[in-house]
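Remarks on the structure that follows.
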Amino acid sequence: MPSEQVEIIRIRDVDFSYNGSLILEDVDLNIQSGDFVSIVGPNGGGKTTLLKIILGLLKPTRGTVELFGSNPSRSKKRVGYMPQHAKFDFHFPVSVMDVVLMGRLAQSRGIGPYSRLDKQVCLEKLELVKLRNEARSSFSSLSGGQRQRVLIARALACEPALLLLDEPTSNLDMGIENEIYELLRQLNKSITIVMVSHDLGYVSRYVQRVVCVKKRVVTHPTSEINGEIINAIYGTPMKMVRHDQCDSGRAGSCINF
Amino acid sequence: MHQFLTDLRSYEFLQNALLASILVSSASGVIGPFVVVRRISYLAGSISHTVLGGIGAVIFFNTLYPQNRIDPLWGAAFTALLSALIIGLVSLHAKQREDTVIGAMWAIGMALGIVFIAKTPGYTSDLMGYLFGNILMVTEQDLYLLVILDILILGAVMLFYNQFLAVCFDEEFASLRGLNIDIYYLSLLAMTALTVVGLVTVVGIVMCIALLTLPAAIASLFSNSLWKIMLMSTLLSVLFTSSGLIMSYLPDIPPGATTILLAGGTYLLALVFKKVSSHGSILRRH
């Protein structure tokens, strides 16, 4: 590890259960500044739950979570979060600019309208995701891919040190998916990025490490990803995979897969 | 129309009625769009019906202690705020039983009101006025109350528009930006409660949700910006309530019901218009 890297996310011994069933078990995870990490795993495996625990939106049943060295509730404003786009009410009357401006809530004066600076920052972020011309369009009139990019722009408008993205490329065709990953790679030069992704094969061309979530959490450097590991995450029995290269701080055992 | 305008100059009760319509429209035009986009009209319906409990209690105690009478609207405002608080806390913390609790509050509030009014000695036709509206009975004191209501609601929404918009659109994101979403949600319900009290004076408990939501629903067919929808639904509200008053005057039909029929009819027409015009544009494209 280069010495200038700082620990941004530190999760120790975390369990999370909901209505009596264990969703996450014995999770340890470290994310350093500058990382570009993808969280992968099957549906219902706990990916989004892990993201929400990092953000402090969910409290772990056991264990500790540190974000920027303190409690997530105190440091959450330094995170730019992009939720899954499918959760929105598409009849909600907002323009693209209205949505991106929500990213400025913590920076703005608090009461009254947004400042000129806020608007300028938001236009720059829209420029970055190539949607500046759509600023006045209705959010509901956009395509799925455009909405994803608006939500990325909103997360960037927070001027975050860490970007957390929940399935930024779900339901997109290959071309747009590529474009979004390429944009994220550019952004990664200055921002740490953690994203949830359902497809492992494709994303591993871009990220440095892959965090596998299926109740337990295991971390692999991208170079290790092979067919065996993919099988293990999404289907066949776990004993096929050997995790001997994982160092203790970054990975757990995989017995429960 | 001509008769109405002549009488408007000479009768104070008509002036009060028109003024009340305008004052209530400003509050409901601003709050209605929130209720529509946040999809809480069922909660607003429950709040409005519990109001009868408060009104009934005040009428009952006013007859028992005639030396210190208070305006029944104070009772309405108190119960509306109380039930908004209870309903808000239930919907924030007990998601599974939310609709049951809200439905129960709805009926319990009404039941309380009916019991109080039944036990009030003497003349009790006021009940019908509160259920179906009696805008021609608006007093000067009511008008002062409505002014306070407008100042509170317009002030709060103007200062915290961005926050309310963000909380309604994406609660989770708003909370990550450091907003206390429980406080904003409860304030929104409290403002809805106060607006409902104003609306009760114009169209009554049973019909007030229609006047709260229909103008906003019409406006949202034609705009994708919340503040424009607020402006439009305020204007529509003024239009519906004042023309309801005017049109009902000569034939002597209830103004509240006339107002609701106007609003409902316009909503249906707007839906048809929207459907036809979007269908037309599809045809042109092909």
Q: For segment A:81-113, enumerate the residues that are touching a Cys at 6+ places or on another chain (Cβ under 8 Å), over 19 Å from A:ASP166 (Cβ atoms) and small (Gly, Ala, Ser).
A: A:ALA106
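Every residue, every condition in (1) of a type in the set (S, T, N, Q); (2) farther than 16 Å from B:LEU85 by Cβ, yes or no:
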{"site": "B:GLY155", "(1), (2)": "no, yes"}
{"site": "B:PHE169", "(1), (2)": "no, yes"}
{"site": "B:PHE173", "(1), (2)": "no, yes"}
{"site": "B:ASP182", "(1), (2)": "no, no"}
{"site": "B:LEU189", "(1), (2)": "no, no"}
{"site": "B:THR192", "(1), (2)": "yes, no"}
{"site": "B:GLY198", "(1), (2)": "no, yes"}
{"site": "B:VAL203", "(1), (2)": "no, yes"}
{"site": "B:VAL206", "(1), (2)": "no, yes"}
Q) How do the strands (runs of 3 or more DSSP E) wholly within segment A:1-87 filter down when requiring 1 or more residues that are among the polar types (S, T, N, Q) and under 17 Å from the mean Cα position of the chain (by Cα): which remain? A) A:21-32, A:36-40
(Q) Could you list, ordered by first residue, the pairs with Cβ atoms under 8 Å in which the first is in segment B:148-168 and farther than 18 Å from B:LYS228 by Cβ and within 11 Å of chain A (Cβ to nearest Cβ) and the second is in a helix (DSSP H, G or I) and of a type in the set (Val, Ile, Thr), at least 6 apart or interchain? (A) B:VAL167/B:ILE181
Q) Would you say A:VAL218 is modelled with pLDDT under 90 and in contact with a Gly (Cβ under 8 Å, 6 or more places away or on another chain)? A) yes
Q) Among the residues of segment A:94-109, which ones are assigned to a helix (DSSP H, G or I), touching a helix residue (DSSP H, G or I) at 6+ places or on another chain (Cβ under 6 Å) and facing chain B (nearest Cβ under 9 Å)? A) A:VAL99, A:LEU101, A:MET102, A:GLY103, A:ARG104
Q. Which pairs do you get when a residue that is at the interface with another protein chain (Cβ under 8 Å from one of its Cβ atoms), found in segment A:73-92, comes within reach of a residue that is of a type in the set (S, T, N, Q), reach meaning Cβ atoms under 8 angstrom, with the pair 6+ apart or on two chains?
A. A:HIS91/A:SER140; A:HIS91/B:SER220; A:PHE92/A:SER140
Q | Residues satisfying the stated conditions in segment A:66-91, i.e. farther than 16 Å from A:SER33 by Cα, surrounded by fewer than 21 Cβ atoms within 10 Å (Cβ to Cβ) and touching a helix residue (DSSP H, G or I) at 6+ places or on another chain (Cβ under 6 Å) | A | A:PHE90
(Q) Exactly one condition in (1) within 14 Å of B:LEU165 (Cβ to Cβ); (2) buried (at least 23 other Cβ atoms within 10 Å of the Cβ); (3) of a type in the set (Gly, Ala, Ser) is false for A:ALA153; which is it? (A) (1)
Q.
Kindly evaluate B:LEU188 against the criterion of being of a type in the set (A, V, I, L, M, F, W, C), over 24 Å from B:ALA270 (Cβ atoms) and facing chain A (nearest Cβ under 10 Å).
A. no
Q. Looking only at segment A:162-197, which residues are part of a loop (DSSP other than H, G, I, E, B) and buried (at least 17 other Cβ atoms within 10 Å of the Cβ)?
A. A:GLU167, A:PRO168, A:THR169, A:LEU172, A:ASN188, A:ILE191, A:SER197
**Q.** Members of segment B:221-245 that are under 17 Å from B:TYR267 (Cα atoms), within 14 Å of another protein chain (Cβ to nearest Cβ) and at pLDDT 95 or above
**A.** B:ILE229, B:MET230, B:LEU231, B:MET232, B:SER233
Q: Could you tell me which residue of segment A:120-129 is surrounded by the most Cβ atoms within 10 Å (Cβ to Cβ), considering only residues that are part of a helix (DSSP H, G or I) and either within 12 Å of chain B (Cβ to nearest Cβ) or among the aliphatic types (A, V, I, L, M) (or both)?
A: A:LEU126
Q) Only one of (1) under 30 Å from A:ARG205 (Cβ atoms); (2) facing another protein chain (nearest Cβ under 10 Å); (3) in contact (Cβ under 8 Å) with a residue 40 or more places away in the chain is not met by A:LYS52, so which one is it? A) (3)
Q. Out of segment B:31-45, which residues are more than 14 Å from every other protein chain (Cβ to nearest Cβ) and over 11 Å from B:ILE209 (Cα atoms)?
A. B:ILE31
Q) Any residue at all in segment A:101-113 that is in contact with a Pro (Cβ under 6 Å, 6 or more places away or on another chain), without any contact (Cβ under 8 Å) to a residue 60 or more places away in the chain and not aliphatic (A, V, I, L, M)? A) no
**Q.** Within segment B:68-97, tally of residues that are closer than 21 Å to B:ASP142 by Cβ, exposed (fewer than 15 other Cβ atoms within 10 Å of the Cβ) and among the polar types (S, T, N, Q)
**A.** 1
Q. Residues in segment A:55-77 that are farther than 13 Å from A:VAL194 by Cβ and in contact with a Pro (Cβ under 9 Å, 6 or more places away or on another chain): how many?
A. 5
**Q.** Residue selected from segment A:35-62 under the condition closer than 19 Å to A:THR219 by Cα and of a type in the set (Val, Ile, Thr), by the criterion surrounded by the most Cβ atoms within 10 Å (Cβ to Cβ)
**A.** A:ILE39
Q. Within segment B:127-151, how many residues turn out to be more than 14 Å from B:ASP71 (Cα to Cα) and aliphatic (A, V, I, L, M)?
A. 9
Q.
Out of everything in segment B:181-203 that is small (Gly, Ala, Ser) and surrounded by 24 or more Cβ atoms within 10 Å (Cβ to Cβ), what residue ends up being modelled with the lowest pLDDT?
A. B:GLY198
Q. Is one or more of the residues making up segment A:130-137 assigned to a helix (DSSP H, G or I) and touching a residue at least 24 places away in the same chain (Cβ under 8 Å)?
A. yes
(Q) Condition first: among the acidic types (Asp, Glu) and surrounded by 16 or more Cβ atoms within 10 Å (Cβ to Cβ). Now tell me which residues in segment B:1-25 satisfy that. (A) none
Q) Is at least one residue of segment B:116-136 within 14 Å of chain A (Cβ to nearest Cβ) and either surrounded by fewer than 20 Cβ atoms within 10 Å (Cβ to Cβ) or over 14 Å from the mean Cα position of the chain (by Cα) (or both)? A) no
Q. For A:VAL27, all conditions in the list (1) crowded, with 19+ Cβ neighbours inside 10 Å; (2) among the aliphatic types (A, V, I, L, M); (3) under 23 Å from B:ASN180 (Cα atoms) hold save one; what is the number of the exception?
A. (3)
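The values are calculated or read from the model by the stated rules, or taken from the named source; none is laboratory data. Note that the structure is a prediction, hence the values are computed from the model and not measured. When we count neighbours, we look across all protein chains shown, and the Cβ atoms used for this are built from the backbone with ideal geometry, even at glycine.
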